[in-house]
Amino acid sequence: LIIHPTYFDTHALSLLEGIALGTPFIATATFAIQEYKNREPNGILINNPFLPYDSKALPNFKGKALDYAKNVSEHEKVNECMILEICNSMSKIFDNYSFFKYNAMNINVKFTDDYIIDKWLKVLEIFHKNAIHDSDYNAEL
């Protein structure tokens with residue numbers, strides 16, 4: 001079992017490597033991590049109450065990303081809630097371990113270089129569209 005709780009990890013390589021080996025996981029629904037989960041559960045995604053970017057990939061914070069991440073990590077109540085979610089998720093996986101392990105061993109997406117490059121190209125396309133839209137909007141002002 002891999003446990004990868006994070007508020008701000010953009011691309012959790014250690015988690016991806018574990019999934020590639022067929023290991024069930026618990027992780028926060030943050031950035032690309034949401035794409036690591038199969039239709040048939042190979043892991044459990046827990047809530048990330050801090051969304052650093054909006055649906056247009058624009059930051060929900062001012063200043064440096066690292067400062068934002070440090071500030072988030074200091075919220076005790078949030079961390080307590082995350083610990084509880086992790087414990088509940090561990091119970092769910094351990095109670096149904098053979099189910100999660102089977103799904104983890106039979107993932108329907110292989111995270112090949114081509115797959116990852118394709119995903120990044122789609123992200124860049126979204127950024128490009130938003131940048132054009134934002135520059136058009138600013139030009140009208």
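The values are calculated or read from the model by the stated rules, or taken from the named source; none is laboratory data. Note that this is a predicted model, so its numbers are computed, not measured. Using ideal geometry, Cβ is built from the backbone for each residue, glycine included, and neighbour counts are taken over all protein chains shown. When the accessible area is computed, the model is the full protein with side chains, heavy atoms only, and any ligands, DNA or RNA have been set aside. Shrake-Rupley method; radii C 1.70, N 1.55, O 1.52, S 1.80 Å.
For the chain, which whole percent of the accessible surface, found with a 1.4 angstrom probe, sits on carbon and sulfur atoms?
On the way: 5420 of 9340 Å².
The nonpolar share, carbon plus sulfur, comes to 58 percent.
For L58 and K92, calculate 0.36 nm times their separation in residues minus their Cα-Cα distance, and state this gained length in nm to one decimal.
Numbers: separation 34, 0.36 × 34 = 12.24 nm, distance 3.45 nm.
Separation in residues times 0.36 nm, less the Cα-Cα distance, equals 8.8 nm.
Report the calculated FRET efficiency for L84 and W120 (r = Cβ-Cβ distance, R0 = 35 Å), to the nearest 0.05.
Values: r = 34 Å, r/R0 = 0.97.
Here the calculated transfer efficiency is 0.55.
So what is the accessible area of the range 1-132 per residue, in Å², with the probe set to 1.4 Å?
On the way: 8440 Å² over 132 residues.
Normalised by residue count, the accessible surface of the range 1-132 is 64 Å².
Could you compute the FRET efficiency for Y102 and A29, with r as their C-beta to C-beta distance and R0 at 30 Å, rounded to 0.05? Display every interim value, and only then the final one.
Values: r = 23 Å, r/R0 = 0.76.
Computed FRET efficiency for Y102 and A29 comes out at 0.85.
Whenever you get a sec, line up S98, S89 from highest to lowest accessible area (probe 1.4 Å, protein heavy atoms).
Values: S98 95, S89 5 Å².
Output order, biggest surface exposure first: S98, S89.
Can you list the residues, at least 5 places off or on another chain, whose amide H is less than 5 Å from the amide H of F25, using H built in the peptide plane?
I2, G43, I44
Return P(r) of the chain (all Cα-Cα pairs; 5 Å bins starting at 0; whole %; ordered from short to long distances).
Spelled out bin by bin, the chain gives 2, 9, 16, 18, 18, 14, 11, 7, 3, 2, 1, 0 percent.
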